[in-house]
Amino acid sequence: HWTYLASPQETKRFILLSKIGLQSLAKTTTQIMFLPNKIGRLSILSNRGIRELHKRNVKVWTCDNFNPYQNVNSLTAMEKYRKMNINGIYTDNAKRLK
């Protein structure tokens, strides 16, 4: 039994449909979707998208920025993602998270 991350194509389709409020039309075939908080200056992560994925029992993992890549390392950002019900983050400091 494997747990796997959504493909880049599936993630891109979900992000684009979510941006125009049609996230419910995006098909998902995965258990986890990686949605960065931002790609450059473009905001990606939204409460609407997270809620939709959680309705489908899809976990959401994030990082602070995908381009340039930045892990979640500040306590402020960790708390923000916890409040957004994010299931996992990429971090360089797991001790800080605990």
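Count the net charge of all other residues whose Cβ sits under 13 Å from the Cβ of Phe66, scoring Lys and Arg as +1 and Asp and Glu as -1. Numbers along the way, then the final one.
On the way: positive: Lys12, Lys38, Arg41; negative: Asp64.
So the environment of Phe66 carries a net charge of +2.
Expressed as a whole percentage, what fraction of the accessible surface of the chain belongs to carbon and sulfur atoms when a 1.4 Å probe is rolled over the protein heavy atoms?
After summing per-atom areas, the C and S share lands at 54 percent.
Pick out which of Thr76, Thr62, Thr28 has the largest mean-square fluctuation in a Gaussian network model of the chain, springs linking Cα atoms closer than 10 Å.
Thr76
Most fluctuating residue of Leu45, Leu17, Leu25 in a GNM of the chain with Cα springs under 10 Å: which is it?
Leu25
For the cross-link pairs Lys12/Lys98; Lys59/Lys98; Lys19/Lys59, which exceed 25 Å when the distance is taken from alpha carbon to alpha carbon?
Result: Lys12/Lys98 exceed 25 Å.
May I ask what percent, to the nearest 5, of DSSP beta bridges between residues of the chain are antiparallel?
35 percent
Please find, in a Gaussian network model of the chain (springs between Cα atoms separated by less than 10 Å), the residue of Asn47, Asn73, Asn87 whose mean-square fluctuation is greatest.
The residue with the greatest mean-square fluctuation here is Asn47.
What does the charge dipole of the chain about its Cα centre add up to, to the nearest 20 debye, if the Cβ of each Lys and Arg holds +1 and the Cβ of each Asp and Glu holds -1?
So the magnitude is around 240 debye.
How much accessible area per residue does the chain have, counting only protein heavy atoms and a probe of 1.4 Å, in square angstrom?
67 Å²
Here are a few candidate values for Rg and Dmax of the Cα atoms in Å: (i) 13.8, 43; (ii) 13.0, 38; (iii) 22.8, 71. Which one was actually calculated from the structure I just gave you?
(ii)
The values are calculated or read from the model by the stated rules, or taken from the named source; none is laboratory data. Please read these numbers as outputs of a predicted model, since none were measured by experiment. Here the Cβ is made from the backbone with ideal geometry for all residues, glycine too, and neighbour counts use every protein chain on show. To get the accessible areas, we keep the full protein, side chains included, count just its heavy atoms, and leave off ligands, DNA and RNA. Shrake-Rupley method; radii C 1.70, N 1.55, O 1.52, S 1.80 Å.
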